[in-house]
Amino acid sequence: MKVLITGATGMIGNELVALLLQHHIEIHYLTTSKGKIQNKPNYTGFYWSLEEGYIDANCLQGVDAIIHLAGATVSKRWTNKYKQEIIESRTLSSSLLYSCLKNNPNDVKQVISASAIGIYPDSLTELYTEENTTSDNGFLGNVVVKWEESVDAFKVLNLKVTKIRIGLVLSNKGGALVEMLKPIKMAIGSPFGSGKQMQSWIHIDDLVNIFYFVLQNQKEGVFNAVAPKPISNTELTKAIAKTLDKPLFMPNIPKFMMKLILGEMHQLLFASQNVSSKKIVQNGFQFQFQEIHPALDDLLN
């Protein structure tokens, strides 16, 4: 099998590439940096540019499936200009891939795209499944709706389309966990706001295994990529502190303070989404890390 990956050099992409190579899957990847193009056994790079509307069509040669991870990080201050980049990095990249597939002979059968649980409305009481039809009316909800619409376009080409709605990814190589560790290591960590907001998390290994699972089994549709046991922000903060053997004695961090520091981006810390993983489990996927303490032990010890 041969797979084309966008976003292959990001935190999730790096882990996914390693997993696929272990399973003897050949990889083509797209990069916006000509300096990052490599040509190794089973790992070949190709150039694309959203600004130029260019993609090297040779990237499709012999490819069976596309895994689309590309998108600008949301963990950077949301100026109006950067908000546009967050949206366009997802929608324009999908459109460029669509045009390439439509206008060039290929054998692609499936497109698997990253998405996010940010599509679900902020709620302390709701449990969200993939069947939920309402979307959050904030910026992140709007981003995910446009992102998924851009991916749905591939259905016109009679391809299987799979959308993986990713929760809070726990990794020791970057992302939210690494940032959460910093104040806790200095013994000044504490929950955000009420601390009651639900954090639907997933260990990085389980996440990349979900991508591999839907690829191997050609599953289509929407799947939530979250561990079976979400926890509150307070529980997560306490679990990290316990794993690091650090005290927690500071008062909770007020919402207004983080709004002053981060602007609109503070929503990332206070949104509550209790998301179900039942569908992916019922389809046959087995989680390695269902509970937070074993996940943190694996990542931090």
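The values are calculated or read from the model by the stated rules, or taken from the named source; none is laboratory data. Model, not experiment: these values are computed from the prediction. Neighbour counts run over all protein chains shown; Cβ positions are idealised from the backbone, glycine included. The area values use the complete protein model at the heavy-atom level, side chains included, leaving out ligands, DNA and RNA. Shrake-Rupley method; radii C 1.70, N 1.55, O 1.52, S 1.80 Å.
Kindly evaluate residue 246 against the criterion of being over 27 Å from residue 121 (Cβ atoms) and of a type in the set (Lys, Arg).
Yes.
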Next on the checklist: Return the pair list, or none, for Cβ contacts closer than 8 Å from residues in region 23-37 that are under 16 Å from residue 212 (Cβ atoms) to residues that are of a type in the set (Lys, Arg), at least 6 apart or on different chains.
Outcome noted: 25/2; 26/2; 27/2
Checklist entry - What is the residue count in region 215-227 for residues that are under 16 Å from residue 169 (Cβ atoms) and either modelled with pLDDT under 95 or not in a strand (DSSP E or B) (or both)? => result 2
Checklist outcome for this item: The number of residues in region 232-267 that are of a type in the set (A, V, I, L, M) and either in contact with a strand residue (DSSP E or B) (Cβ under 6 Å, 6 or more places away or on another chain) or open to solvent by 60 Å² or more (accessible area, probe 1.4 Å) (or both) is 7
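Residue-by-condition table, conditions (1) modelled with pLDDT of 95 or more; (2) out of contact with any Pro (no Cβ under 7 Å at 6 or more places or on another chain); (3) not basic (Lys, Arg):
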residue: 41; (1), (2), (3): no, yes, yes
residue: 75; (1), (2), (3): no, yes, yes
residue: 83; (1), (2), (3): yes, yes, no
residue: 116; (1), (2), (3): yes, yes, yes
residue: 120; (1), (2), (3): yes, yes, yes
Checklist entry - What strands (runs of 3 or more DSSP E) completely inside region 42-128 contain at least 2 residues that are touching a Cys at 6+ places or on another chain (Cβ under 9 Å)? => result 43-49
Next on the checklist: Looking only at residues that are of a type in the set (A, V, I, L, M, F, W, C) and in a helix (DSSP H, G or I) in region 278-301, which one is most open to solvent (accessible area, probe 1.4 Å)?
Outcome noted: 281
Checklist outcome for this item: Exception for residue 178 within (1) in contact (Cβ under 8 Å) with a residue 24 or more places away in the chain; (2) under 30 Å from residue 298 (Cα atoms); (3) not small (Gly, Ala, Ser) falls at (1)
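Quick check on region 20-59: of everything there that is aliphatic (A, V, I, L, M) and under 15 Å from residue 101 (Cα atoms), which residue is surrounded by the most Cβ atoms within 10 Å (Cβ to Cβ)?
Once the filter is applied, the top-ranked residue is 30.
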Next on the checklist: Against the definition (crowded, with 20+ Cβ neighbours inside 10 Å and out of contact with any strand residue (DSSP E or B) (no Cβ under 6 Å at 6 or more places or on another chain)), how does residue 208 come out, yes or no?
Outcome noted: yes
Checklist outcome for this item: Within region 108-145, residues open to solvent by 50 Å² or more (accessible area, probe 1.4 Å), within 19 Å of residue 267 (Cα to Cα) and charged (D, E, K, R) come out as 122, 126
Next on the checklist: Quick check on this structure: which one of 51, 88 is under 30 Å from residue 258 (Cα atoms) and acidic (Asp, Glu)?
Outcome noted: 88
